[in-house]
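Colleague: This is the structure I want to talk about, given as structure tokens.
The values are calculated or read from the model by the stated rules, or taken from the named source; none is laboratory data. This is a predicted model, so every value here is computed, not measured. Neighbour counts run over all protein chains shown; Cβ positions are idealised from the backbone, glycine included. When the accessible area is computed, the model is the full protein with side chains, heavy atoms only, and any ligands, DNA or RNA have been set aside. Shrake-Rupley method; radii C 1.70, N 1.55, O 1.52, S 1.80 Å.
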Amino acid sequence: MSEAATPPPPLESDPESYAPSVAKRLAFYQRAGGIVTPLLTAVFAFLMGGIVVAATGHNPGSVYKAVFEGAGLNWFFHFGNYHVDIPFTNHHVWFWWNTSTNVTSAYNLTQTLLTTTPLILTGLAVAFAFRCGLFNIGGQGQYLMGAIVGVYVGSRFVHMAHFPHVVLGIALAALAGAFWGAIAGFLKATVGAHEVITTIMLNWIAYWGGSYLFGRDGPLQNHVDKSIPISDDVVPGAKLSAIWGNPALQALHSGIFLAIAALIVFYIVLNRTTLGYEVRAVGFNPEAARYGGISVGRNFIMAMAISGLFAGLAGGIDILGWQFRLGVLDVQVSNIGFIGIAVALLGRNTAVGVGLSALLFGALLTGTSTRSLDPSVFPPQLAGNLALMIQALVLLFVGADLLIIYIWQARRKLRVPGSAKTAEEPV
């Protein structure tokens with residue numbers, strides 16, 4: 001018989017020494033995965049994209065550098081050499097960065113931020129529903145409803161003052177998206193209709209409804225030229241204020257502050273309110289939440305309505321901020337709501353993650369556009385496909401944490417026989 005092992009210290013003195021906390025280890029892995037998985041996902045997606053670029057006979061490093069510059073991200077490295085005179089004085093202030101949009105990088109950055117703004121909101125539209133255990137792929141339809149209502153309000157009430165007009169347009173656009181999302185939530189809560197099916201159908205209703213409204217002889221077709229299937233222009237009093245750049249060249253507008261505020265609201269609602277607690281509880285386990293007295297059906301409706309509100313707000317901001325009109329072609333080619341799915345998945349349905357993910361996708365879309373990418377480096381017609389491929393790879397690799405968990409469990413199973421054998425040895 002072997003020598004007896006030293007007895008463990010008393011449980012009261014150090015509980016962890018007796019049985020390491022599984023919950024503590026799991027929490028650590030989840031926190032680490034929340035940072036590592038999105039980073040690895042993005043890295044793998046761009047590496048695979050680089051392999052495809054190399055297969056076309058181009059240098060991946062040069063292409064990604066051109067995309068980086070096309071997105072205007074090199075603006076952050078333009079130091080000095082710029083000053084602004086202070087009015088009515090003989091003094092001037094030196095800027096650390098060149099903020100003139102006459103510089104190509106500055107203009108490209110404004111376009112990236114214009115794209116990032118609605119992506120933040122459509123990403124939140126998917127993320128909020130996810131936290132309630134719902135898969136909202138109806139962000140595109142909710143976005144279109146917000147855009148339709150926004151262009152209607154913005155092109156009417158021509159004598160309304162500027163601030164009330166903007167507030168009315170933004171509020172009604174957000175409510176339109178909320179109503180469109182609540183329909184799917186109501187059907188889920190009452191008859192058990194799966195939200196994926198209902199939101200797909202609602203997307204198509206918004207698609208064909210918008211095509212009809214702005215089509216030839218449609219109710220919302222413009223009153224100037226009936227040969228063009230497009231809406232009336234938003235009146236100047238309903239436009240969001242430009243904060244950077246030339247408004248005639250799609251300047252960055254104040255709607256970006258609404259998107260940032262939405263990220264803050266998203267975090268506070270989910271983590272600091274009773275509604276957020278109930279939404280997360282339903283997302284973890286609907287039956288347990290119901291047993292605890294939480295109305296699962298009501299939370300389904302609320303979650304989808306709030307998700308739709310974010311997406312509708314995105315549509316209204318785009319219309320009143322830079323697009324100023326909506327036509328049949330705009331309705332049919334828009335895909336901001338669908339990209340929001342990738343934004344939410346890469347951002348792991350968190351406020352900070354969605355914000356950073358939206359910036360990444362906004363930069364990718366702008367940097368690969370025919371307007372921004374240097375055609376001598378990579379053909380722009382191929383660059384658009386490169387952006388789509390990277391989006392698809394992100395969706396593919398975003399499940400990497402599930403693969404890691406599977407490998408971890410397999411490793412533990414392989415260790416079980418050895419551990420069991422050791423335990424059976426005589427002492």
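Colleague: If you scan region 211-226, which residues turn out to be among the small types (Gly, Ala, Ser) and either in a loop (DSSP other than H, G, I, E, B) or within 18 Å of PHE324 (Cβ to Cβ) (or both)?
Modeller: If the condition is that a residue be among the small types (Gly, Ala, Ser) and either in a loop (DSSP other than H, G, I, E, B) or within 18 Å of PHE324 (Cβ to Cβ) (or both), then GLY215, GLY218 are the ones that fit.
Colleague: Regarding VAL234, is this residue open to solvent by less than 40 Å² (accessible area, probe 1.4 Å) and either more than 28 Å from HIS165 (Cβ to Cβ) or among the β-branched types (Val, Ile, Thr) (or both)?
Modeller: So VAL234 passes the test.
Colleague: Oh, and also: Would you pick out the residues in region 286-330 that are polar (S, T, N, Q) and over 17 Å from the mean Cα position of the chain (by Cα)?
Modeller: SER295, ASN299, GLN323, listed by residue number.
Colleague: If you don't mind, another one. Could you go through region 29-36 and let me know if any residue there is open to solvent by less than 80 Å² (accessible area, probe 1.4 Å), out of contact with any Pro (no Cβ under 8 Å at 6 or more places or on another chain), at pLDDT below 55 and assigned to a helix (DSSP H, G or I).
Modeller: Yes: one or more hits.
Colleague: Would you say GLY141 is among the small types (Gly, Ala, Ser), touching a Ser or Thr at 6+ places or on another chain (Cβ under 6 Å), in contact (Cβ under 8 Å) with a residue 12 or more places away in the chain and within 24 Å of PHE338 (Cα to Cα)?
Modeller: No, not satisfied.
Colleague: Shifting gears a bit: Residues that are open to solvent by less than 70 Å² (accessible area, probe 1.4 Å), part of a helix (DSSP H, G or I), farther than 21 Å from ARG348 by Cβ and at pLDDT 90 or above: does region 247-254 have at least one?
Modeller: There is no residue in region 247-254 that is open to solvent by less than 70 Å² (accessible area, probe 1.4 Å), part of a helix (DSSP H, G or I), farther than 21 Å from ARG348 by Cβ and at pLDDT 90 or above.
Colleague: Does ILE137 meet the test of being at pLDDT 95 or above and either outside any loop (DSSP other than H, G, I, E, B) or under 30 Å from ILE197 (Cα atoms) (or both)?
Modeller: It is false that ILE137 is at pLDDT 95 or above and either outside any loop (DSSP other than H, G, I, E, B) or under 30 Å from ILE197 (Cα atoms) (or both).
Colleague: What residue, of ALA262, ALA303, ALA289, is on the phi < 0 side of the Ramachandran plot and either of a type in the set (Lys, Arg) or in contact with a Cys (Cβ under 7 Å, 6 or more places away or on another chain) (or both)?
Modeller: Going through ALA262, ALA303, ALA289 in turn, just one is on the phi < 0 side of the Ramachandran plot and either of a type in the set (Lys, Arg) or in contact with a Cys (Cβ under 7 Å, 6 or more places away or on another chain) (or both): ALA303.
Colleague: Now a separate question. State which residue is most open to solvent (accessible area, probe 1.4 Å) when the search covers only region 189-225 and only residues that are among the β-branched types (Val, Ile, Thr) and touching a residue at least 12 places away in the same chain (Cβ under 8 Å).
Modeller: If we take residues in region 189-225 being among the β-branched types (Val, Ile, Thr) and touching a residue at least 12 places away in the same chain (Cβ under 8 Å), then ILE205 is most open to solvent (accessible area, probe 1.4 Å).
Colleague: Six or more apart or on different chains, Cβ under 7 Å: which pairs go from a residue in region 343-370 that's at positive phi to one that's at pLDDT 90 or above? Could you list them?
Modeller: These pairs meet every condition: ASN349/ALA127; ASN349/PHE130; ASN349/ARG131.
Colleague: Out of region 237-246, which residues are outside any loop (DSSP other than H, G, I, E, B) and without any contact (Cβ under 8 Å) to a residue 60 or more places away in the chain?
Modeller: ALA242, ILE243
Colleague: State yes or no: is LEU119 under 27 Å from LEU329 (Cα atoms) and in contact (Cβ under 8 Å) with a residue 24 or more places away in the chain?
Modeller: When the stated conditions are applied, LEU119 passes them.
Colleague: Of the residues that sit in region 47-74 and are in contact with a helix residue (DSSP H, G or I) (Cβ under 6 Å, 6 or more places away or on another chain) and among the small types (Gly, Ala, Ser), which one is farthest from LEU360 (Cα to Cα)?
Modeller: ALA54
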